[in-house]
1. Condition test on residue 191, is it touching a residue at least 40 places away in the same chain (Cβ under 8 Å), closer than 28 Å to residue 273 by Cβ, of a type in the set (Ser, Thr, Tyr) and exposed (fewer than 14 other Cβ atoms within 10 Å of the Cβ)?
2. Of everything in region 202-234, what is outside any strand (DSSP E or B) and under 24 Å from residue 281 (Cα atoms)? Give them in sequence order.
3. Considering each of 213, 227, 240 in turn, give the residue that is at pLDDT 95 or above and over 21 Å from residue 154 (Cβ atoms).
4. Suppose we keep only residues that are closer than 17 Å to residue 190 by Cα and either out of contact with any helix residue (DSSP H, G or I) (no Cβ under 9 Å at 6 or more places or on another chain) or at pLDDT 95 or above (or both) within region 276-294. Which one would you say is surrounded by the fewest Cβ atoms within 10 Å (Cβ to Cβ)?
5. Please work out if residue 20 is exposed (fewer than 12 other Cβ atoms within 10 Å of the Cβ) and assigned to a helix (DSSP H, G or I).
6. Specify the residue that is modelled with the highest pLDDT; the eligible residues are those in region 243-259 that are in contact with an Asp or Glu (Cβ under 9 Å, 6 or more places away or on another chain) and in a loop (DSSP other than H, G, I, E, B).
7. Looking for whichever is of a type in the set (Phe, Trp, Tyr), assigned to a loop (DSSP other than H, G, I, E, B) and in the same structural domain as residue 275 (by TED's automatic domain parsing) here; the options are 177, 237. Which one fits?
8. What pairs come out if I take residues in region 162-173 that are among the aliphatic types (A, V, I, L, M) and pair them with residues that are not in a loop (DSSP other than H, G, I, E, B) whose C-beta lies under 8 Å away, six or more apart or interchain?
Amino acid sequence: MNPTSLLKMGSEAMKQQVQECFEELHMALQEDEKAVLDMIEQDRRETSSKLNRILQDWNQHLGLLQKHISTIQSTQQSPAESTKQPFPGDFTCHKKLDRAEEEIKMNEERIHKLTKVLRNISKDLKAQLQRKNLLLDSSNVVIDKQTCHKQIKVTSEGRGLCLSSEDRCIPNDPLRFDQLYCALGSVAIKSGQHYWEVDVHCCSSWAVGMAYGSLQRRGRDKGAKLGRNRSSWSLEFQDGHLTAWHNDRHVALPVTAARAAPNRVGVFVKYQKGRLVFYDAETMRTLQEFSAIQTAVFDRAHHQFTEPLYPAFRFFSPKDKGHHHMEICNLSL
């Protein structure tokens, strides 16, 4: 069998596998849709049955009233007869509307809750469908302990970072940040597409980004701060403000009740295209994109990466009473 035929067979087999996965999703959605519609129809039937019984009861009462009205009219037309025939004892035939009858209706509150849940599921599903393509490029990011400031503690597996108020007893290293509470990833990105996520919900102020290995490690000036130079890019949350930084220029990103600061940040790099994107990894909303096309505020000339890139992390002052912990998420499929 020639290579072209083998390639075609392999392609068809992969298409079949993917199609089967989507068919399972379609079937699950169709089954759930049918179950929900059947539930609504059952509710309608039960409510309709109750209403029919009430209407039948009221129709009987109406017939009784009409009979009494006819009796009254006939007695008024024949006074002589009225003196001979006994007068009906109850002409009023009072029938009060029962409260239970007033409340007969379909369970609208339940349907409203169901609709809200389905909308949320739809949003989550759309986000996960978008996220699936990024997960194909997921990278195993771990912290390079050699770069960490002395007050940053790293978990044994190299994924968690915690800022403490005390220095660790470790030797000085030219790769270590000596003034800023920063750390870099251990593996350089030199080509291809890469995606990872950082859980920041236990950190009151943070910065997540990318940096060249040439980023300054000494001092507190702009040359060492993430996003304040040409060697780094960052998404930063501090004092309730979310901002994106590069080359000491920044864009303020909205933080509202509807658009809160992210609890988990997704980072996507397409090295050859000079593209870096930050996502809210829970909703897959794009927070900021750095590229030669998208970022007019920043210097476009520096969105063709010229050096190996490293994942970068920064804590801010440990003096506040907030939490200081970040965790690189395990995206193993």
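The values are calculated or read from the model by the stated rules, or taken from the named source; none is laboratory data. The model shown is predicted, which means the values in this text are computed figures rather than measured ones. Neighbour counts run over all protein chains shown; Cβ positions are idealised from the backbone, glycine included.
1. Yes; evaluated as a whole, the condition is true for this residue.
2. 202, 204, 205, 226, 227 - these are the residues of region 202-234 that are outside any strand (DSSP E or B) and under 24 Å from residue 281 (Cα atoms).
3. 227
4. My answer is 277.
5. yes
6. Step by step, filter region 243-259, then rank; the result is 247.
7. Step by step, each of 177, 237 is checked, and only 177 is of a type in the set (Phe, Trp, Tyr), assigned to a loop (DSSP other than H, G, I, E, B) and in the same structural domain as residue 275 (by TED's automatic domain parsing).
8. Cβ pairs passing all conditions: 163/152; 163/153; 163/315; 163/324; 163/325.
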